[in-house]
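Report on the following structure.
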Amino acid sequence: MSTIFTRIIAGEIPGTFVWRDDRCVAFMSINPIAHGHALVVPIDEIDHWLDAPADLVAHLFEVTRVIGIAQQAAFDCERVGVIVAGYEVPHTHVHVIPTRSMADVSFANAAASADRDQLEAAADAIREQLRTMGRAEVT
């Protein structure tokens, strides 16, 4: 059975995408810890990130870095936090979270749901920064 992320990537379930290349996508979290919280997810369904090939892990973290740079510019945050936990969905994913303090890197602060307009506004801000960076992978 496909994971929810596979279904989002395939377009079966709506997602608010900011990045797509031949190996991964990035889309907004529907349970954001902070405004602008995005997920970087490989297209291939791999449960645990340690099981991913090294070149894919390197690619995921480079995309995470690029998304983080865009978030920092878009949201004027102090830092961009990263979480790789893997308990919520059995499909490798990297949480990329604009932060102002350590409290912004806690799943205890995750929203139960997100307003569609707020997700789109955050995605638009990230896309704008990615375009400014000359990234062709912007969706």
Query raised in the report: If contacts are Cα pairs under 8 angstrom and at least 6 residues apart, what is the relative contact order of the chain in percent?
Result: 31
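As a check on your grasp of the helix formula, calculate [θ] at 222 nm for the chain: sum -39500 (n - 2.57) over DSSP H runs of n ≥ 4, divide by the residue count, round to the nearest 500.
Details: 3 runs with 45 residues, N = 139.
After summing the helix terms and dividing by the residues of the chain, the value is -10500 deg cm²/dmol.
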Report summary line: Note: residue 83 to residue 115 extended length (0.36 nm per residue) minus current alpha-carbon separation gives 9.3 nm
Report summary line: Sorted on mean Cβ neighbours within 10 Å (highest first), peptides 64-70, 43-49 come out as 64-70, 43-49
Report summary line: Here, residue 73 and residue 102, labelled 7 Å along Cα→Cβ, have an inter-label distance in nm of 3.1
Report task. Report P(r) for the chain: all Cα-Cα distances, bin width 5 Å, range 0 to the bin holding the largest distance, values in whole percent. Result -> 2, 11, 22, 25, 22, 14, 4, 0
Query - Pairwise label distance in nanometres, residue 23 with residue 62, each label 7 Å out on the Cα-Cβ vector - result: 0.6
Query - Computed lengthening from residue 54 to residue 139, 0.36 nm per intervening residue step minus Cα-Cα distance - result: 28.0 nm
Report task. Rounded to whole Hz and in sequence order, give me ³J(HN,Hα) for segment 84-98 from the Karplus expression 6.51 cos²θ - 1.76 cosθ + 1.60, θ = phi - 60°, writing x for Gly and Pro. Result -> 10, 10, x, 8, 6, 9, x, 8, 2, 7, 10, 7, 10, 10, x
Query raised in the report: For segment 60-90 and segment 1-33, what is the separation of their Cα centres, given in Å?
Result: 15
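Any read-out appearing in this document is the output of simple, stated calculations on the displayed coordinates, not a laboratory observation. Just so we're clear, the structure is a prediction, and the values are computed from it rather than from any experiment. Positions of Cβ are backbone-derived with ideal geometry, glycine not excepted, and every protein chain shown enters the neighbour counts.
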